[in-house]
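The values are calculated or read from the model by the stated rules, or taken from the named source; none is laboratory data. Since the model is a prediction, treat every value here as computed from it, not as a measurement. Here the Cβ is made from the backbone with ideal geometry for all residues, glycine too, and neighbour counts use every protein chain on show. Calculation scope for accessible area: heavy atoms of the full protein, side chains included, ligands and nucleic acids excluded. Shrake-Rupley method; radii C 1.70, N 1.55, O 1.52, S 1.80 Å.
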Amino acid sequence: MSLWNGDTIKDVSESVGVVNLNEDVAKNLAMDVEYRIHQVLQEALKFMHHARRTTLGTQDISNALRVLDVEPLYGYESARPLRFGEASLGQAQPIFYVEDDEVDFEKLINAPLPKVPRDVTFTGHWLAIEGVQPAIPQNPTPSEAARLSETTPKGASCNTTLSIASTLNPTTNETVTIKPLVKHVLSKELQLYFERISTSITDESTSDAIRNAALASLRKDPGLHQLLPYFVQFISEKTTHGLRSLFTLTQMMSLTHALLENDSFFIEPYVSSLIPPILTCLIGKHLGSSSSSDPHSQTPAHYALRDLSASLLKLVCKRFGDSSHTLKPRLTRTCLKHFLDPAKPLPTHYGSIIGLAAIGGREAVRVLILPNTNLYEKVIRPEIEDEGARKSEAEMCLSALVGVIKQLEEEEGEGGRRGEEGKGKMASRRSCRAPVPKRSKRSLSESWENWSVRKCGSSGERRWLKRLLKLGG
């Protein structure tokens with residue numbers, strides 16, 4: 001039997017237009033209403049107990065309704081408990097109601113509007129990044145920081161990093177302890193070292209001996225870990241603003257190489273900041289001025305810069321490819337996108353080809369470059385056959401393509417030498433090595449055999465390229 005009266009259910013049903021409600025239906029609805037009320041009260045009591053209160057409030061009921069995914073009641077928020085009055089109508093059961101206070105409309109109209117209440121929310125922000133607090137509303141402003149630094153106790157026994165300033169709160173007259181800002185302070189020796197290294201590397205008038213000594217110091221000297229973020233930022237800024245200076249770009253890549261070779265640096269957190277400058281020097285559209293060239297060679301000097309960047313990319317992938325599972329896929333996707341885009345300039349194609357080979361090695365050449373040789377032939381063949389200004393660029397792309405495909409020939413040669421040591425070992429090694437796709441070989445042999453072999457300079461290159469075209473035939 002339900003403690004909730006069934007007559008109330010009938011009164012509510014008649015008020016909404018449902019007449020002659022069945023007794024069994026009213027009984028079941030009354031039981032359901034009682035269950036729902038118990039559920040709401042149970043959740044509300046949890047909020048009351050968690051708040052360490054002994055009086056159940058309307059806010060607890062609203063929170064309970066919100067937890068049960070029921071629209072909460074509006075208009076019953078009050079800091080004081082509600083007063084209920086009792087009214088009796090004849091022999092019927094007493095009716096309880098909320099007593100309304102008398103309100104003066106004139107005062108109510110002229111009173112200012114109250115502030116909209118806000119729910120309690122939580123958010124996170126950076127207290128400090130690399131030892132420096134960012135300028136966000138949650139952190140003290142520079143003026144407040146200067147005021148706090150003045151109140152910081154000074155003396156021989158005080159640690160400026162961990163010292164705590166005490167100030168008086170004017171509203172509560174209580175002493176409040178405030179911890180000052182934590183700053184990344186470099187010693188004068190490190191500042192002088194950074195200035196000398198950056199000047200010797202970027203100044204073209206500096207002799208090669210001094211420049212090599214500076215890079216050698218970065219490769220071997222310990223105790224320079226505090227300067228690592230400054231060198232990384234220096235490389236990024238110089239690469240961004242020095243795209244027309246081939247000397248600056250080359251020195252930034254040499255500086256990157258020196259940082260990667262220093263064993264005392266924990267450089268893994270800065271890999272994501274070093275990758276953009278390397279990729280810029282690898283697949284950038286225009287590196288250096290048009291007159292920049294190697295005086296000892298007819299090849300433009302920016303190709304040497306791209307080769308150096310590819311070697312750095314290979315070193316980064318070798319050292320950090322296992323710890324960062326998305327590093328190699330992202331780099332491969334970037335180089336492949338530029339390689340397959342015919343709208344990109346040919347120097348960018350050159351950097352993409354050697355970049356793919358540096359990132360993925362022979363497997364990338366087998367899976368990503370060989371299947372696209374037939375498509376790339378349509379891009380590069382007209383440029384080589386034409387006696388235009390882009391012929392030399394197309395020949396460099398062809399040279400890079402032949403060079404990376406030669407890795408497969410070297411792999412085949414290593415497999416042949418291993419086969420001479422034992423047939424059983426040869427069979428096991430062959431089963432582990434994925435073969436070159438037949439479709440790729442057929443495409444390469446049909447479109448490039450006579451033309452590519454003719455472009456190879458030496459007879460040795462012709463022999464190994466023909467051998468490559470016949471592999472697995």
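For the reader, a short list of remarks on this structure follows.
- Near pairs, Cβ below 8 angstrom, 6+ apart or cross-chain, from the range 106-118 (not assigned by the TED database to the domain that holds residue 59) to any residue that is open to solvent by 100 Å² or more (accessible area, probe 1.4 Å): 117/77
- Residue, least open to solvent (accessible area, probe 1.4 Å), within the range 366-390, restricted to residues that are within 24 Å of residue 321 (Cβ to Cβ) and touching a Lys or Arg at 6+ places or on another chain (Cβ under 9 Å): 370
- Residue 71 vs. criteria more than 22 Å from residue 3 (Cβ to Cβ), at pLDDT below 90 and more than 44 Å from the chain's Cα centre (by Cα): no
- Every test in (1) on the phi > 0 side of the Ramachandran plot; (2) open to solvent by less than 90 Å² (accessible area, probe 1.4 Å) is passed by residue 30 save one, and that test is (1).
- Screening residue 182 with (1) under 28 Å from the mean Cα position of the chain (by Cα); (2) open to solvent by less than 100 Å² (accessible area, probe 1.4 Å); (3) at pLDDT 55 or above; (4) not assigned by the TED database to the domain that holds residue 250 gives one miss only, at (3).
- Yes/no for residue 269 being without any contact (Cβ under 8 Å) to a residue 24 or more places away in the chain, surrounded by fewer than 17 Cβ atoms within 10 Å (Cβ to Cβ) and within 22 Å of the chain's Cα centre (by Cα): yes
- Subset tally (residues that are open to solvent by 50 Å² or more (accessible area, probe 1.4 Å) and in a helix (DSSP H, G or I)) for the range 195-218: 8
- Filter result for residue 355 (assigned to a helix (DSSP H, G or I) and modelled with pLDDT of 90 or more): yes
- Meets criteria (among the small types (Gly, Ala, Ser), open to solvent by 100 Å² or more (accessible area, probe 1.4 Å), at pLDDT 70 or above and within 26 Å of residue 229 (Cβ to Cβ)) for residue 135: yes
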